[in-house]
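Here is the structure we will look at.
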Amino acid sequence: MDFSKLEAASFFDLDSFGHSALFDHCRYVWDGLRGIKDYLKEHLQGNVAALGCFRQPLPQSIVLWQGRIWREGFEFLNGDVTKGSFRLLIQGEEIGDAVVLYAGSVLWDEQIFLGPGSVVEPGALIQGPTIIGAHTEVRQGAYVRGSCIIGDRCVVGHTTEIKASIMFDDAKAGHFAYIGDSILGNATNLGAGTKLANLKIQASTIRVKFGSDSIDTGLRKFGAILGDQVEIGCNAVTNPGTALGKGCLVFPVTSVPSGYHEPLSTVR
């Protein structure tokens, strides 16, 4: 069997991702999940401590720009966050790289980094340790439960929950999704209602079927690996231990069998 198919480089364009070092010593792609906490301890430099408002909704909208906290003196012009067209005026100057935290959003602790141009909408809650990249949108009602690395131009959508997971650049989970102990590759897209189930009903570690082999990951919680440009239709569910190669297409309302699926596969 060609076990190189289970390496991270077979699923993702690692050269374009700012956190690819996470996979440097991984035999299998899912081993990256084990290293998230240690990676965050080493690389996370939070930039929200000065706000001084945690575990409660922000009472007013706040802008972080040029190392300052702006509580007034700005005007929202709006635009598409992930396309880099979201703009605001600060003292008459049009700005596209400020961090925006809308009133009603919640930061749980100081172990959070928000990249330039990122926007956190009202009702979203972010727990650390978490890194969120540039021009990423955390929408109303989203729940970021910590131990997350979220890339540039991503969407964590309305009532979407994500924990102990990685989203490569341009990954999008726009509506009603659950992302648990999973890795979403570059430009992946989850249709509304997608669930990446991460825990077996039986109390045992999760195995990945690969041809005639079955590999014990040693992980009790492990959702899915989605290679670059995987598309999942609305209300689909991946079973624990699913690994979808690059460009796979999952039809709506599908229960995706656990195990390895070759690149460009169609699952229905």
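Bear in mind these aren't lab numbers, they're just calculated from the coordinates by the rules spelled out. No experiment lies behind these values; they were computed from the predicted model shown. Cβ: placed from backbone, ideal geometry, glycine included. Neighbour counts: every protein chain shown.
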Practice task
Starting from the Cα-Cα distance between N78 and D109, subtract it from 0.36 nm times their residue separation and give me the gain in nm to one decimal.
Solution key: 8.4 nm
Handout entry: ³J(HN,Hα) computed for each position of segment 172-189 - Karplus, 6.51 cos²θ - 1.76 cosθ + 1.60, integer Hz, glycine/proline x
Key = 9, 10, x, 8, 6, 9, 10, 10, x, 6, 9, 10, 10, x, 4, 6, 6, 9
Problem - Karplus-derived 3J(HN,Hα), 6.51/-1.76/1.60, for each residue of segment 25-36, Hz, glycine and proline x - result: 10, 8, 6, 10, 4, 6, 5, x, 5, 5, x, 4
Practice task
Can you check what the Kirkwood hydrodynamic radius comes to for segment 82-170, Cα pairs only, in Å to one decimal?
Solution key: 12.7
Fill in the blank from the handout: In debye to the nearest 20, the charge dipole size for segment 109-217, taken about the Cα centre with +1 at each Lys and Arg Cβ and -1 at each Asp and Glu Cβ, equals 380
Problem - Highest to lowest packing among 39-47, 131-139, 7-15, scored as the average C-beta count within 10 Å - result: 131-139, 7-15, 39-47
Fill in the blank from the handout: Within segment 3-267, the percent of DSSP beta bridges that are antiparallel, given to the nearest 5, stands at 25
Fill in the blank from the handout: Where a ≥ b ≥ c are root eigenvalues of the Cα gyration tensor, a/c under 1.5 meaning rounded, otherwise prolate if a/b exceeds b/c and oblate otherwise, segment 132-190 counts as rounded
Practice task
Would you kindly compute the Cα radius of gyration of the chain and its largest Cα-Cα separation (Dmax), both in Å?
Solution key: 18.6, 64
Handout entry: Contour excess over end-to-end distance, with Cα ends at N235 and S255 and 0.36 nm allotted per residue
Key = 6.3 nm
Handout entry: Where only C-alpha atoms are counted, convex hull volume of segment 40-124 per residue in Å³
Key = 97
Practice task
Could I get the Rg over Rh figure for segment 111-268? Both from C-alpha atoms, Rh via Kirkwood, rounded to two places.
Solution key: 0.97
Problem - Size-normalised alpha-carbon gyration radius of segment 47-86, reference 2.2 N^0.38 Å - result: 1.34
Handout entry: Selection from L44, F86, V29 lying farthest towards where the dipole of the chain points positive, charges on Cβ
Key = V29
